[in-house]
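**Student:** Below are the structure tokens for one structure; questions will follow.
The values are calculated or read from the model by the stated rules, or taken from the named source; none is laboratory data. Keep in mind the model is a prediction, meaning the values are calculated, not measured. When we count neighbours, we look across all protein chains shown, and the Cβ atoms used for this are built from the backbone with ideal geometry, even at glycine. Protein only, heavy atoms only, side chains kept; ligands, DNA and RNA dropped before computing areas. Shrake-Rupley method; radii C 1.70, N 1.55, O 1.52, S 1.80 Å.
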Amino acid sequence: MLKPPFILAIAGGGSTYTPGIVKSLMVRLNDFPLAEIRLYDIDSARQETIAPVVEKVIRDHSQTIKFTTTGDPEVAFSGAHVVFAQMRVGQYKMREQDEKIPLRHGVVGQETCGPGGLAYGLRTILPMVELIDMVERYADSKAWIVNYSNPAAIVAEGVRRLRPTARVLNICDMPVAAMRNMGAILGVDRHKLEVDYFGLNHFGWFTRVLVDGEDQLPALRRHIAKFGLLTEDAAQTDPQHSDPSWVKTWRNIKPIMDNFPDYLPNPYLQYYLMPNEIVEHQNPDYTRANEVMDGREKKLFAAAEEYKRTGILPDAFHVGVHGAFIVDVACSLAFDLRQRHLVIVENKGAIANLPYDAMVEVPAYITAAGPEPVRMGAVPLFHQTLLMQQLASEQLLVEATLEGSYEKALQAFTLNRTVPTMQHAKAILDDMIEANRDYWPALQKAWVNGEAAS
């Protein structure tokens, strides 16, 4: 077990999420004592813009925690006990392409789901493996990487195949954000909920929502039939998930449950079960990537500039479930707390009728030795079939990455439920190969050499 105070490294230190995560760490210093926080990013200019804001957050709570920013992996990870990974390969410029290219073809344009998520995965698997290798080379031998990097399911599958013994725990805050909303509806803190959940990342269902041992899913079902997964006045406690596009997302849980009422779906299932409606309401010239760049990113960068000029830090970031959840998980790993969280793990029978080696999202008890998944049993045929199709798409995408195979990439795109036909899949993939020429050299080579036409 790790011994405090800890050295923590954040890979992707220039992320706009970093100040919120650090604030979550600062308010939990009694639970998770820190000796040093290191920010690591290959984009030094972006990281140095964010760093003064992060240091201000630290100094508001501690004068003794050492703060380091670096682009040198040896400096970042030497002796580190915990690493938070939140890389975005290609940054928002490529996210914009991930979203807009499919929309040009009448297909869902989304960061982690559909063709956009597959493209993002093709860019992220190998850099994630590089990060693992650097951490294993320099960090404490018992160090854990808590990975927030999207698309989490594809990244987890790539890591499982390429670095099967790595001490990496893949997590996502989307189910936790849903739990936050459930708690708000039920009038309790999300930590009071004990949920059963099965699926893949961004592709799963809640089957029970216990509060003090009583299942509140029937009460939630009645509420969702009127309001979606929102409080009656649509007020949210986390600005990250409360702008208009997110309000639509929370409301779209209603039509899904109107048709399939047994379980409460992950909000991202809207992209797979309602793709036509989603496309109709998306602006192909101004997507979520533009909203973030013009909103959260611009606001934080402006605040950093004002702080540099005046010494006053405006209220430019928030502490929501994103930061709180990663600290919860880190505490349980570090102190063997065996807390129950929804995480991404190798199946090994947790979902009885999915492949043993599938990377699934289920409840698990988080120990110093890693997660101990809770067995969810067999899932109904409808859900199993949806999961198997999505799993096959993701696994073929990983194989395409490892083999540089255009054919397997095309198979992955074709199998994805958001893509209506083989012709759509090919047109989108070809456009994406062109847009990602700096990131997919093997696929680019296969495409140019005629494999695309074979």
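**Student:** Express in % the proportion of alpha carbon pairs of region 390-452 at distances exceeding 20 Å. Walk me through the intermediate numbers first.
**Tutor:** Working: 326 of 1953 pairs.
Here the tail beyond 20 Å accounts for 17 percent of pairs.
**Student:** Give me the accessible area per residue for the chain, probe 1.4 Å, as a whole number in Å². Could the numbers behind the result be given before it?
**Tutor:** Details: 18010 Å² over 454 residues.
Ligands and nucleic acids excluded, the result is 40 Å² per residue.
**Student:** Then there's this: For residue 247 and residue 208, compute 0.36 nm times the residue count separating them, minus their Cα-Cα distance, and round to one decimal in nm.
**Tutor:** Numbers: separation 39, 0.36 × 39 = 14.04 nm, distance 2.34 nm.
Length difference between fully extended and current span is 11.7 nm.
**Student:** Of 192/226; 298/445; 248/408, which ones are farther than 29 Å apart at the Cα?
**Tutor:** Numbers: 192/226 24 Å; 298/445 37 Å; 248/408 34 Å.
From the list (192/226; 298/445; 248/408), the Cα-Cα distance tops 29 Å for 298/445; 248/408.
**Student:** In addition: Using a basic spin-label model with each label point 7 Å from the Cα along Cα→Cβ, how many nm lie between residue 306 and residue 30?
**Tutor:** Result: 3.2 nm between the two label points.
**Student:** Which whole-angstrom value gives the distance between the alpha carbon centres of region 36-91 and region 355-395?
**Tutor:** Centre-to-centre (Cα) distance: 33 Å.
**Student:** On to the next question. How far is it, in nm, from the label point at residue 194 to the one at residue 78 when both lie 7 Å from their Cα along the line to the Cβ?
**Tutor:** 4.6 nm
**Student:** Another question about this same structure. So how far apart, in nm, are the two label points at residue 222 and residue 61 if each is 7 Å from Cα heading toward Cβ?
**Tutor:** It is 4.0 nm.
**Student:** Right, next: What's the local net charge at residue 167, with K and R +1, D and E -1, over the other residues with C-beta under 12 Å away?
**Tutor:** Working: positive: 142, 163; negative: 136, 140.
For residues surrounding residue 167, the net value is 0.
**Student:** While we're here: Summarise the long-distance tail of P(r) for region 28-128 by giving the % of C-alpha pairs beyond 21 Å. Before the final figure, lay out the partial values.
**Tutor:** Numbers: 2536 of 5050 pairs.
Result for the distance tail: 50 percent.
**Student:** Could you grab the relative contact order for the chain? Cα pairs under 8 Å, six or more apart, rounded to a whole percent. Provide the component values of the computation, followed by the final result.
**Tutor:** Numbers: 849 pairs, mean separation 78.5, N = 454.
Reported relative contact order: 17 percent.
**Student:** Also: Per residue of region 253-266, what does 6.51 cos²θ - 1.76 cosθ + 1.60 with θ = phi - 60° give for ³J(HN,Hα)? Whole Hz please, x for Gly and Pro, Karplus curve as stated.
**Tutor:** 5, 4, x, 5, 6, 4, 8, 10, x, 5, 10, 8, x, 4
**Student:** What full-extension length gain, to one decimal in nm, is calculated for residue 356 and residue 280 as 0.36 nm per residue of separation minus the Cα-Cα distance?
**Tutor:** Contour length minus Cα-Cα distance gives 23.6 nm.
**Student:** Here's something else I'd like to know. Let me have the relative contact order for region 390-452, percent, based on Cα pairs under 8 Å that are six or more residues apart.
**Tutor:** This gives 31 percent for region 390-452.
**Student:** Projected onto the charge dipole of the chain (+1 at Lys/Arg Cβ, -1 at Asp/Glu Cβ, origin at the Cα centre), which of 359, 311, 270 gives the Cα projection farthest towards the positive end?
**Tutor:** 311
**Student:** What FRET efficiency do you get for residue 262 and residue 91 if R0 is 41 Å and r is their Cβ-Cβ distance, rounded to the nearest 0.05?
**Tutor:** That gives a FRET efficiency of 0.55.
**Student:** A further question follows. Considering only protein heavy atoms and a 1.4 Å probe, what is the carbon-and-sulfur percentage of the accessible area of region 75-161? Write out the running numbers ahead of the final one.
**Tutor:** On the way: 1090 of 2340 Å².
The value for region 75-161 is 47 percent carbon and sulfur by accessible area.
**Student:** Can you pull a Stokes-Einstein diffusion coefficient for the chain at 37 °C (0.692 mPa s), Rh from Kirkwood over Cα pairs, as a whole number of µm²/s? Each step should come with its number before you reach the end.
**Tutor:** Values: Rh = 22.4 Å.
Rounded to a whole number, D works out at 146 µm²/s.
**Student:** Go ahead and run the numbers for FRET between residue 392 and residue 367, Cβ-Cβ distance against an R0 of 22 Å, rounding to 0.05.
**Tutor:** On the way: r = 31 Å, r/R0 = 1.42.
E between residue 392 and residue 367, to the nearest 0.05, is 0.10.
**Student:** The chain: longest stretch without exposed trypsin sites (Lys or Arg not before Pro) (DSSP loop, at most 14 other Cβ within 10 Å), sites themselves excluded? Walk me through the numbers before you get to the answer.
**Tutor:** Values: sites that count: 338, 348, 375, 437.
Longest stretch, sites excluded: 1-337.
**Student:** Hey, another quick one. Given a Förster radius of 25 Å and the C-beta distance between residue 437 and residue 104 as r, what FRET efficiency does 1/(1 + (r/R0)^6) yield to the nearest 0.05? Kindly include the intermediate steps, with their values, before the conclusion.
**Tutor:** Values: r = 18 Å, r/R0 = 0.71.
So the FRET efficiency works out to roughly 0.90.
**Student:** Taking the DSSP beta bridges in region 269-423 as the whole, what percent of them are antiparallel, to the nearest 5?
**Tutor:** Numbers: 12 of 13 bridges.
Within region 269-423, antiparallel bridges account for around 90 percent of the total.
**Student:** So, counting K/R as plus one and D/E as minus one, what does the shell of residues with Cβ under 11 Å around residue 225 add up to? Let's see the in-between values first.
**Tutor:** Details: positive: 221, 222, 226, 254; negative: 258.
That sum, taken over residues with Cβ under 11 Å, equals +3.
**Student:** Please list, ordered by chain and number, the residues whose modelled amide H lies under 5 Å from the amide H of residue 266; skip anything fewer than 5 residues away on the same chain.
**Tutor:** 204, 205, 206
**Student:** How much of the DSSP beta bridge set in the chain is antiparallel, as a percent to the nearest 5?
**Tutor:** Numbers: 25 of 48 bridges.
Restricted to the chain, the bridges split so that about 50 percent are antiparallel.
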